[in-house]
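Participant: Quick one: the structure is below, questions incoming.
The values are calculated or read from the model by the stated rules, or taken from the named source; none is laboratory data. These numbers were taken from a predicted model, which means no experiment stands behind them. With ideal geometry, Cβ positions are generated from the backbone for all residues, glycine too; neighbour counts draw on all protein chains shown. Heads up: the accessible areas ignore ligands, DNA and RNA and are worked out on the full protein's heavy atoms, side chains in. Shrake-Rupley method; radii C 1.70, N 1.55, O 1.52, S 1.80 Å.
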Amino acid sequence: MDESHWSDVEYIRAAKLNRGSYMISKTLTEKAALEFGESNGLHVVTIVPPFVTGPFVCDKLPDSVRISMAMIF
């Protein structure tokens, strides 16, 4: 995939999907970063790490970590 493929923000809003605001914010943030890079002569690269570890900032295990760990164990 490349920058020509985007999540449909209006569909997500209309469908009121669980975690929709997270999906929308990720899409709009990445678009803004690419626009900033283009207007300032920068090359922007997005890296999607398959697994992130480290201390948590919240008191409960995030769903993404729980799901990733379930696949491992």
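Participant: Here are the criteria: (1) in contact with a Ser or Thr (Cβ under 8 Å, 6 or more places away or on another chain); (2) modelled with pLDDT of 85 or more. Tell me which single one PHE51 does not satisfy.
Facilitator: Unmet condition: (2).
Participant: Shifting gears a bit: If you go through the range 25-37 one residue at a time, do you hit one that is in a loop (DSSP other than H, G, I, E, B) and either in contact with a helix residue (DSSP H, G or I) (Cβ under 9 Å, 6 or more places away or on another chain) or in contact (Cβ under 8 Å) with a residue 12 or more places away in the chain (or both)?
Facilitator: So far as the range 25-37 goes, no, none of its residues is in a loop (DSSP other than H, G, I, E, B) and either in contact with a helix residue (DSSP H, G or I) (Cβ under 9 Å, 6 or more places away or on another chain) or in contact (Cβ under 8 Å) with a residue 12 or more places away in the chain (or both).
Participant: Taking the conditions exactly as written (in contact with a Pro (Cβ under 8 Å, 6 or more places away or on another chain) and modelled with pLDDT under 85), does PHE73 satisfy them or not?
Facilitator: no
Participant: Let me ask another. For the range 27-38, which positions are hydrophobic (A, V, I, L, M, F, W, C) and open to solvent by less than 100 Å² (accessible area, probe 1.4 Å)?
Facilitator: LEU28, ALA32, ALA33, LEU34
Participant: Still on this model: Sort through ILE47, ILE24, ILE12 and tell me the only one that's open to solvent by 80 Å² or more (accessible area, probe 1.4 Å) and either touching a Phe, Trp or Tyr at 6+ places or on another chain (Cβ under 8 Å) or aliphatic (A, V, I, L, M) (or both).
Facilitator: Going through ILE47, ILE24, ILE12 in turn, the sole match is ILE47.
Participant: Criterion first (assigned to a helix (DSSP H, G or I), among the charged types (D, E, K, R), surrounded by 10 or more Cβ atoms within 10 Å (Cβ to Cβ) and at pLDDT below 90) does ARG66 satisfy it?
Facilitator: yes
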